[in-house]
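The values are calculated or read from the model by the stated rules, or taken from the named source; none is laboratory data. Everything numeric in this text was worked out from a predicted model, so none of it was measured. Here the Cβ positions follow ideal geometry from the backbone for every residue, glycine too, while neighbour counts run over all protein chains shown. We work out accessible area using only protein heavy atoms, side chains counted, and drop any ligands, DNA or RNA first. Shrake-Rupley method; radii C 1.70, N 1.55, O 1.52, S 1.80 Å.
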Amino acid sequence: MKRRVAREIAIQSLYQMHMNEVTPHDAIVAAVTEAEHDNEAELKVEGEAIAIEFIQELVEGTASRLAPIDEMLTDYLKGWKIDRLSKIDREVLRLAAYEMIYRDDAPPKVVVNEAIELAKHFGTEESGKFVNGVLGKMILELDALKQKYAGTSAS
């Protein structure tokens, strides 16, 4: 399965967790089931194995670090509060921040580009621009953010 589709399912899972107050596991199961059967979001999952472990890492990693991620994002949301963002924009930003700060298996520019596409797919064209603006500022200070929030430095 392509990582894009896994990220789309992760976004749906994070959204589901906050809308329905369900566990990461239950949200992932619901999102994967929807993708395999109804597929209203038109994800390209047909004939591909679902990368459930990667999805779990993204969802559980993001969910377990919500407080520091939201604190970090707040510094870059000039004129906005995290709870005033659209639910999709908020979850896309959270997932991207998690990937950029706590994981090192995708280049930050790839994570930003994926986040922009996710925001456009699930939100609006303005969502893509907004996500790009926030993450673009973060990427400029990525080493400092990694050191502060993950205790590491980017190489």
Next item on the list: Find the Cα radius of gyration of the chain, compare it with 2.2 N^0.38 Å by division, and give the number to two decimals.
Entry: 0.98
Notebook entry, point to check: Counting alpha carbon pairs within less than 8 Å and at least 6 residues apart, what relative contact order, in whole percent, applies to the chain?
Noted result: 19 percent
Checklist line | 222 nm mean residue ellipticity, helices alone, for the chain (DSSP H n ≥ 4; -39,500 (n - 2.57); rounded to 500) | finding: -22500 deg cm²/dmol
Next item on the list: Using a 10 Å cut-off on Cβ atoms, rank the peptides 136-146, 96-106 from the highest mean neighbour count down.
Entry: 96-106, 136-146
Item checked: Proximal lysines to residue 2, defined as alpha-carbon separation beneath 30 angstrom and excluding residues fewer than eight positions away on the same chain -> 44, 87, 109, 120, 129, 137, 146
Next item on the list: Taking only protein heavy atoms into account and a 1.4 Å probe, give the accessible area per residue of the chain in Å².
Entry: 53 Å²
Next item on the list: Whenever you get a sec, compute what percent of the accessible area on the range 95-138 sits on carbon and sulfur atoms (1.4 Å probe).
Entry: 51 percent
